[in-house]
Amino acid sequence: MCNCNLSRRDFIKSSVLSTSGIAALNSMMNTPEPSYGSYASKKNNRDLTIIKVVYFAKPVPSWPCPDLDVDAEMRMINDKLADLKKVWKFKERDWDFNVEFAGGELLRVPEDFPAFADNLGDVDGIFMFNLTSTVAELVNRTVELGYPSVLFSQPASGHDWLTAAGLAQNGKRCDVIGSYDFGELEPYARIMDAMRRLKQSKILRIRSQTEKTDFMEKVNNKFGVEIKPMDYSRLNELYDSIDIYKAGKEADTFIKDAVKVVEPTRDDVIAANRFYLAVKRFLKEENANAITIDCLGGFRRGDLKAYPCVTWTRLNDEGLLGVCEADLDSTLSSLIMQSFTGGKPGFVTDPFFDTKSNTVVHAHCVSATKLDGPSGESAPYIIRTHMEDDKGVSIQVKMRAGQVVTSVKIVNADTMLVSTAKIIGNSDKKRGCRTKIVCKVIDPKTEQELDVDEYLHSWTNGLHRVIYYGNYMKDIEKMGRLMGFKVVREA
């Protein structure tokens, strides 16, 4: 057993996998389950990600060389996996990133496969290593198990990278790496970790219509995410139960940390923080980590007692998830990216264009302040009213000029729209929402400025996009192959 735990600050060095491989997993994986079936349906409550390691080598090597020492190759890879701190360029995460490597079996002929499949156990993904050529059938059958799988093919190990590349092109949840750098496995481990977290996620969708839709079922079947539609009644009960004095203390801290307060009164800020405390209690009561509300309609009709803008700011700063307007596409997009990045919040926006200055402005009255993640510094913010009706409380966040950002939106649970840009400033113009970042659209590889008019005229699929600090284009392409969605560059 290789027990590799990657903590938030450090990788804990694990024991080395035995060179002959290990057939049994630890005690948490003793419960039998089918080897085949829907990956997303296999729920668990684990707080660590388990990745199966398997080696392929034909009985008598020829390519890459007839005198290949298979045991030595396995020992070398085992050592790499056992000393991840030196091999992987670990990316700081606010959430603990716990990974355990299991298995280490060596499969030589197709007849070895059934025992491997039957003893696979409760795993979140598979790392395959082809040590020789002529193992295509083993690659094929492993991928067909339905788990996210990655073939790490060192240069001149064999030609079976062709098989994995073809399977990925045909929509199988797999990918292939052709490299000597084992650090290239790191984003795939994070993707598998994110997929486990998605299966443990629950979204509350609050609006007047509470029917279960086919889309909710599709999201649950594909990603394992549960979506629970609810009306406003329970949330309002919880709002009424919140102690005003406690909400006042929260409000005073929120005001103290702001640059200034413009329109709202202290009572407005108390109401906003009372709503935040109610939502926190609501999430705990429902064992949910995400919520989205029909806020504009709900407030206008009197179904909501306060705007949730401040609530979303505070939840997203904490590593939970709040999204406006009962928008399930943006909520799912945010869950996927938050899970992958280890807690980074997204900025759900209403973009608009200025072709004269070749800029796109991402704007909304809702934004997190800790855009680098919950342990990062808060961006400066001003307490404002909600712009469209000059009521309630929202915030105007000043984001970091020069920061490269990625814009995402998953559509119909099967296509991710992606673009990259660079923030050049924050707009204080009266028109539009409270928080407005002015951006130049850029090529994700070269960071060369692109024509925003082309971006404007190729726009599809509604308004909202979700903005993240960082360039995640390559990671999202890998994610699409393992999670099973198409990636479309919008610019």
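The table for this structure:
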read-out: Residue in the range 21-33 that is modelled with pLDDT of 85 or more and within 19 Å of LYS199 (Cβ to Cβ) present; value: no
read-out: Matching option when the condition is over 20 Å from PRO64 (Cβ atoms), buried (at least 20 other Cβ atoms within 10 Å of the Cβ) and not β-branched (Val, Ile, Thr), among ARG190, ARG141; value: ARG190
read-out: Of residues in the range 387-426 being assigned to a loop (DSSP other than H, G, I, E, B) and of a type in the set (D, E, K, R), the one surrounded by the most Cβ atoms within 10 Å (Cβ to Cβ); value: LYS398
read-out: Filtered residues of the range 372-415 (kept if over 18 Å from PRO345 (Cβ atoms) and aliphatic (A, V, I, L, M)); value: ILE382, ILE383, MET387, VAL393, ALA401, VAL411, ALA413
read-out: Residue identified as more than 20 Å from the chain's Cα centre (by Cα) and part of a helix (DSSP H, G or I) among ALA189, ALA156, ALA168; value: ALA168
read-out: Subset of the range 295-328 [of a type outside the set (Ser, Thr, Tyr) and assigned to a loop (DSSP other than H, G, I, E, B)]; value: GLY302, ASP303, LEU304, LYS305, ALA306, PRO308, GLY319, LEU320, GLU325, ALA326, ASP327
read-out: Candidates THR292, THR349, THR331, filtered to the one that is of a type in the set (S, T, N, Q), within 26 Å of VAL219 (Cα to Cα), in a helix (DSSP H, G or I) and under 28 Å from the mean Cα position of the chain (by Cα); value: THR331
read-out: Every residue from the range 451-473 that is part of a loop (DSSP other than H, G, I, E, B) and under 26 Å from ASN412 (Cβ atoms); value: SER458, TRP459, THR460, ASN461, GLY462, LEU463, HIS464, GLY470, ASN471, TYR472
read-out: Any hit, the range 174-181, residues being over 22 Å from ASN220 (Cα atoms), under 22 Å from the mean Cα position of the chain (by Cα), of a type outside the set (A, V, I, L, M) and in a strand (DSSP E or B); value: yes
read-out: Qualifying positions in the range 197-252 - more than 30 Å from MET483 (Cβ to Cβ), of a type in the set (S, T, N, Q) and surrounded by 13 or more Cβ atoms within 10 Å (Cβ to Cβ); value: ASN236
read-out: Residue check, THR163 in a helix (DSSP H, G or I) and either at positive phi or surrounded by 23 or more Cβ atoms within 10 Å (Cβ to Cβ) (or both); value: no
read-out: Selection count where residues are among the basic types (Lys, Arg) and either in contact with a strand residue (DSSP E or B) (Cβ under 8 Å, 6 or more places away or on another chain) or more than 25 Å from VAL150 (Cα to Cα) (or both), scope the range 173-217; value: 6
read-out: Subset of the range 292-308 that is surrounded by 24 or more Cβ atoms within 10 Å (Cβ to Cβ) and touching a helix residue (DSSP H, G or I) at 6+ places or on another chain (Cβ under 7 Å) - its residue that is modelled with the highest pLDDT; value: THR292
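The values are calculated or read from the model by the stated rules, or taken from the named source; none is laboratory data. Only a predicted model underlies this, so the values are computations on that prediction, with no experimental measurement involved. A quick note on method: Cβ atoms are made from the backbone with ideal geometry, for glycine too, and the neighbour counts reach across all protein chains shown.
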